[in-house]
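J.: Structure provided below as structure tokens; questions to follow.
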Amino acid sequence: MDLQLDGRKAIVTGGSKGLGRAIADELAREGAHVAICSRDHEEVTSAGKELEEHGGKVFAQAADVTDPEQVKEFVAASADALGGVDILVNNAGRAHPGTFQTLTDENWKEDLDVKLFSMIRCSREALPYLKKSGGGRIININAVQGKSPDPKFFATTTDRAACLAFTKALALELAPDNVLVNSVNIGFVVTPQWKNIHQLRAPELSEEEFFTNLGEAEVPLGRMGDPGEVSGIVAFLASARSSYITGASIDVAGGMGRYI
Ligand SMILES: NC(=O)c1ccc[n+]([C@@H]2O[C@H](COP(=O)([O-])OP(=O)(O)OC[C@H]3O[C@@H](n4cnc5c(N)ncnc54)[C@H](OP(=O)(O)O)[C@@H]3O)[C@@H](O)[C@H]2O)c1
């Protein structure tokens, strides 16, 4: 399938590692020009250098998606560097595990800020470019818990449901501009953030034991996913081949999410 991504200009937030890195790689391999951000300057610069090996334009900058000024500056600089923006992948985020009884107001505010408000801010700044693109795409990386509540991830459950509502409402608002907005809902995919959760929850187990046990216990397919199993659907949604899909919510979760 020719995704026709050659020369398209994409921003991937949180593109230095994990899912964002795999998505940026996939888009660059398909011929897109790619801009990435994350907070760690060294990591994002080094990821940018590796992305250049695919041959397209690359722009990498340290920017915190919880800071409105940094978002504004990053999106404008990305558009300058790439020559516009056709695709925005709102991926930056992190897990804030905790139950209702352990989460503080501060935890809730931080979680909302990095998940929902980052999507709001980045979409707002990218919108003028996406409208001009004449086939703009926003892909929100979300979590299956937004539809399938899990009290162990209480803030994720609540805030990701808001991200789903945001996706749907934005898809409706932007449909007349042919800017398509979709959500990809992740289950358990092995990334650096899960390596941190392993250290917090069960440092006595090896990484392999921890991930194997978790995959067998929680995921119908019996294993955790790999970032490369997420990036393909994101590239498809970013492409010309998804031209009649908007407001969709697609699980990449190995069968997690027990709803119809
Ligand atoms: N992996 C999963 O199983 C899973 C499940 C459900 C949802 N998700 C969602 O998928 C997205 C990617 O997760 P991941 O597993 O790939 O996580 P990860 O391995 O921790 O990578 C997260 C990326 O986002 C960046 N980031 C975090 N906070 C940021 C901020 N405030 N501003 C800018 N960049 C920031 C990180 O770099 P810095 O730390 O240097 O900023 C990194 O590049 C997240 O939104 C996450 O909630 C993942």
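The values are calculated or read from the model by the stated rules, or taken from the named source; none is laboratory data. Everything numeric in this text was worked out from a predicted model, so none of it was measured. Don't worry about glycine lacking a Cβ; one is built from the backbone with ideal geometry, like all the others, and counts go over all protein chains shown.
J.: Step by step: first the residues of segment 1-18, then only those that are aliphatic (A, V, I, L, M) and buried (at least 24 other Cβ atoms within 10 Å of the Cβ), then the one that is nearest to Thr191 (Cα to Cα). Which residue is that?
T.: Across segment 1-18, the extreme among qualifying residues is Val12.
J.: Next up: Can you tell which of Gly134, Gly48, Gly84 is more than 11 Å from the ligand (Cβ to nearest atom), at negative phi and surrounded by fewer than 24 Cβ atoms within 10 Å (Cβ to Cβ)? Explain how you work it out, then say what you get.
T.: Details: Gly134 fails: at negative phi; Gly84 fails: at negative phi.
Exactly one residue qualifies, and that residue is Gly48.
J.: Would you check if Arg21 is surrounded by 24 or more Cβ atoms within 10 Å (Cβ to Cβ), within 13 Å of the ligand (Cβ to nearest atom) and basic (Lys, Arg)?
T.: Criteria met by Arg21.
J.: Further question on the same structure: For the condition near the ligand (Cβ under 9 Å from one of its atoms), assigned by TED's automatic domain parsing to the domain that holds Ala240, closer than 18 Å to Gly18 by Cβ and in contact with an Asp or Glu (Cβ under 8 Å, 6 or more places away or on another chain), what is the one hit in Ala63, Ala95? Talk me through it step by step, then tell me what you get.
T.: On the way: Ala95 fails: in contact with an Asp or Glu (Cβ under 8 Å, 6 or more places away or on another chain).
The unique qualifying residue is Ala63.
J.: Need at least 2 residues that are without any contact (Cβ under 8 Å) to a residue 40 or more places away in the chain and over 16 Å from Gln145 (Cα atoms) per element, so show me which helices (runs of 4 or more DSSP H) inside segment 176-260 make the cut, counting only ones lying wholly within it.
T.: Here the list reads 192-201, 207-218.
J.: Hey, can you tell me all the residues within segment 165-193 that are touching a strand residue (DSSP E or B) at 6+ places or on another chain (Cβ under 7 Å) and more than 12 Å from the ligand (Cβ to nearest atom)?
T.: Passing the criteria: Thr167, Leu170, Ala171, Leu174, Val179, Leu180, Val181, Asn182.
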